[in-house]
Amino acid sequence: MNKPNGNYRWTIVALLFFATTINYLDRQVIGLLKPALEVEFDWTETDYSRIVMAFSASYAIGLLLFGRVIDRIGTKMGYIISIIVWSIAAILHAAVNSTFGFGVVRALLGLGEAGNFPAAIKSVAEWFPKKERALATGIFNSGANIGAVVAPVMVPWILGAYGWEEAFIITGAIGFIWLIFWWIFYEVPARQPRVTKEEFAYIHSDNEPEAAAGEPPISWGRLFGIRQTWAFIMGKFLTDPIWWFFLFWLPSYFSTTFNLDLKKPSLPLVVVYTATTIGSIGGGYLSGYFIKLGWPVFRARKTAMFIFALAVMPIMAAQFATNIWEAVALISLAAAAHQAWSANIFTTASDMFPKRAVSSVVGIGGMAGSIGGLLFPILVGWLLDTYKAAGNITGGYNVLFVICGCAYLLGWGMMHLFAPRMEVVDVSMPPKEKVTL
């Protein structure tokens, strides 16, 4: 079927893009304020890693819960609850005055922010046929990178002009503006009067019906018994922590290794996160391009993800960088490859599972990624403090870059082990009966 004249589905992508931008803007503020907050509260690297862990643990729990809730109450209300909780939590950072207090509000932020991706991926599944989902996911997922680009410019300016408390208040308030547009413009296609009949038919051209009203989500026990779920789990568990490392520690890395002044807008960070925008959209486009060439869906996804896994490996050479821009180039390539990987791994969930299970599967896999994100900071904090105590400030980062370079190939291998062929789960069949795409 040719593309329809109607394009309301891209309005939905725009909404998801801005929500994800706000999500990552709120998430990254603390990383940019880390040097100032270390002085204010006398933090060690281990203290900071525990605050990151509080966010990660709560985010993991929130992903599991929101995945279930969104499959039950729908994307519209699920997203509303999510962004209200995380925006309030972001603002509350300005009111705390202790390391423990930061841990508490970071946990609340993690709980609220966990709703973003289950709701966004389910929205894409509701509004796009499979051949366009990776591109749509790549576009909205690039909002994470835009948030990361805006933050290094916006947050240091607010810090210098007003103070760290105002940085949390101003960025946290933006989510409430987005809520107005979400309430006005979002509905599922069947209830959206702005979508044309032609576009509605195109959205459903892969013959995947929307879930019937009131149809219960698939049980967690059933989902955990399906190996496609475990393919998604392992891919997220092994690679999500790397992105969180980029998000929470890159500002500190550039500051300690190359004396970058984080009280001023940070061009190196802007370059890194701008590259990730290209990676996210390009990664979504590449697998879609393979599908348009006639490749089976899963072959297209897996080939693209293998290419992106290889593209991360040069980051291991960052330890030999003699100036900041050599390091920026290597890290930019790896971060862009991660976002390209992310656009495709999220899409595999909607490829393999029916729409009424997508948020639950994304929540389960996201929880696994967050557990990895919970454990990895323990290693990060220990390595950085150990090497710093030995007088080698950059040694810990060098080890971490080697781990980053290997993680994606390992993740790809585990996904291939659990899902060597594209098999679409049909929950109406007994567990061993599958439909091959």
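The values are calculated or read from the model by the stated rules, or taken from the named source; none is laboratory data. Nothing here was measured: the structure is a model prediction, and the numbers come from that model. Every residue, glycine as well, gets a Cβ built from its backbone with ideal geometry; the counts of neighbours run over all protein chains shown. To get the accessible areas, we keep the full protein, side chains included, count just its heavy atoms, and leave off ligands, DNA and RNA. Shrake-Rupley method; radii C 1.70, N 1.55, O 1.52, S 1.80 Å.
Structure data summary
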read-out: Of the criteria (1) more than 22 Å from the chain's Cα centre (by Cα); (2) within 19 Å of ASN7 (Cα to Cα); (3) open to solvent by 20 Å² or more (accessible area, probe 1.4 Å), which one ILE139 fails; value: (1)
read-out: Pair list, Cβ < 6 Å and 6+ apart or interchain, from the stretch 175-197 residues that are under 19 Å from TYR24 (Cα atoms) to residues that are of a type in the set (Asp, Glu) and part of a helix (DSSP H, G or I); value: none
read-out: Test: residue in the stretch 31-42 that is part of a loop (DSSP other than H, G, I, E, B) and among the basic types (Lys, Arg); value: no
read-out: Residues located in the stretch 406-422, provided they are assigned to a helix (DSSP H, G or I) and either closer than 13 Å to PHE306 by Cα or out of contact with any helix residue (DSSP H, G or I) (no Cβ under 7 Å at 6 or more places or on another chain) (or both); value: CYS406, ALA407, TYR408, LEU409, LEU410, GLY411, TRP412, GLY413, MET414, MET415, HIS416, LEU417
read-out: Looking only at the stretch 415-434, and only at residues there that are at pLDDT below 55 and among the basic types (Lys, Arg), the one that is farthest from TRP295 (Cα to Cα); value: LYS432
read-out: Residues that are touching a residue at least 24 places away in the same chain (Cβ under 8 Å) and open to solvent by 30 Å² or more (accessible area, probe 1.4 Å), drawn from the stretch 380-402; value: TRP382, ASP385, LYS388, ILE393, THR394, ASN398, VAL402
read-out: Check on GLY396, part of a helix (DSSP H, G or I), small (Gly, Ala, Ser) and farther than 30 Å from PHE224 by Cβ; value: yes
read-out: Residue, modelled with the highest pLDDT, within the stretch 372-395, restricted to residues that are small (Gly, Ala, Ser) and in contact with an Asp or Glu (Cβ under 6 Å, 6 or more places away or on another chain); value: GLY372
read-out: First in the stretch 228-257 and within 12 Å of TYR397 (Cα to Cα), second anywhere and open to solvent by less than 10 Å² (accessible area, probe 1.4 Å) and basic (Lys, Arg), Cβ under 6 Å, 6 or more apart; value: SER252/LYS34
read-out: Conditions (1) open to solvent by 30 Å² or more (accessible area, probe 1.4 Å); (2) in contact with a Gly (Cβ under 7 Å, 6 or more places away or on another chain): number failed by ALA134; value: (1)
